[in-house]
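Here's the structure, in structure tokens; my notes come after.
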Amino acid sequence: MTSADSVKTLYGKVHPACLDQELLLKDCKIQHVRRSGPGGQHRNKVETGVVIKHLPTNIIGEASETRQQARNRQMAIFRLRVNLAIEYRLQEIPESPSPLWQGRLRNGTLKVNPEHDDFPALLAEALDSIAHFQFDVKAACQFLGCSSSQLIKFCKKDPRAFNSLNQKRKEAGLHPLK
């Protein structure tokens, strides 16, 4: 069984970026580190940086910008979720969009700030749907209930996600999205 297979067995049709924080952290290793840079002597002698590794996928989220370990931990968890959303794909998707997706969709428009806690889960759902339909954005949009322009605009909110999507489309012999 490969690492991806074990993650599929663990999560079924729920993407790890969609799990609640407590459940997600059960599969993670948290490390506190010192980081150099601005912040003076306090930053250099206290381990306020946080690195969180999702063990089933080996995907990492880290933060060390602030002098507060708790704030860095929350930012590292958010970044881990975004990284999971971008780098990990479910093999199967649910039969319909999630209640979270449906709740955020208004008249075909998806409303969410890229810094909101719901963003990683929505991004994972969008990218999983696009991948499920062999990177055919129109087919994914029909499934998700939004327009192509709205889905592309949503994916552009995270440049790494958009670049990854275009790379996968290129590998599939499709033209890049603009």
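The values are calculated or read from the model by the stated rules, or taken from the named source; none is laboratory data. Here the structure is a predicted model, which is why all the values come from computation and not from measurement. FYI the Cβ positions are ideal-geometry reconstructions off the backbone, even for glycines, and counts take in every protein chain you see.
Condition check ((1) touching a Phe, Trp or Tyr at 6+ places or on another chain (Cβ under 6 Å); (2) surrounded by fewer than 19 Cβ atoms within 10 Å (Cβ to Cβ); (3) modelled with pLDDT of 95 or more) across all residues:
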{"site": "ASN83", "(1), (2), (3)": "no, no, yes"}
{"site": "PRO99", "(1), (2), (3)": "no, yes, no"}
{"site": "GLN102", "(1), (2), (3)": "no, yes, no"}
{"site": "LYS111", "(1), (2), (3)": "no, yes, no"}
{"site": "ASP117", "(1), (2), (3)": "no, yes, no"}
{"site": "PRO120", "(1), (2), (3)": "no, no, yes"}
{"site": "LEU123", "(1), (2), (3)": "no, no, yes"}
{"site": "VAL137", "(1), (2), (3)": "no, no, no"}
{"site": "PRO176", "(1), (2), (3)": "no, yes, no"}
Any residue in the stretch 58-79 that is closer than 17 Å to ARG160 by Cα and at pLDDT below 90 sitting within a Cβ distance under 6 Å of a residue that is assigned to a loop (DSSP other than H, G, I, E, B) and of a type in the set (S, T, N, Q)? List the pairs, counting only those 6 or more apart or interchain.
none
Selection status of ALA161, small (Gly, Ala, Ser) and either touching a residue at least 40 places away in the same chain (Cβ under 8 Å) or under 22 Å from LEU24 (Cβ atoms) (or both)
yes
Anything in the stretch 122-143 that is outside any helix (DSSP H, G or I) and not charged (D, E, K, R)? List them, or say none.
PHE133, GLN134, PHE135
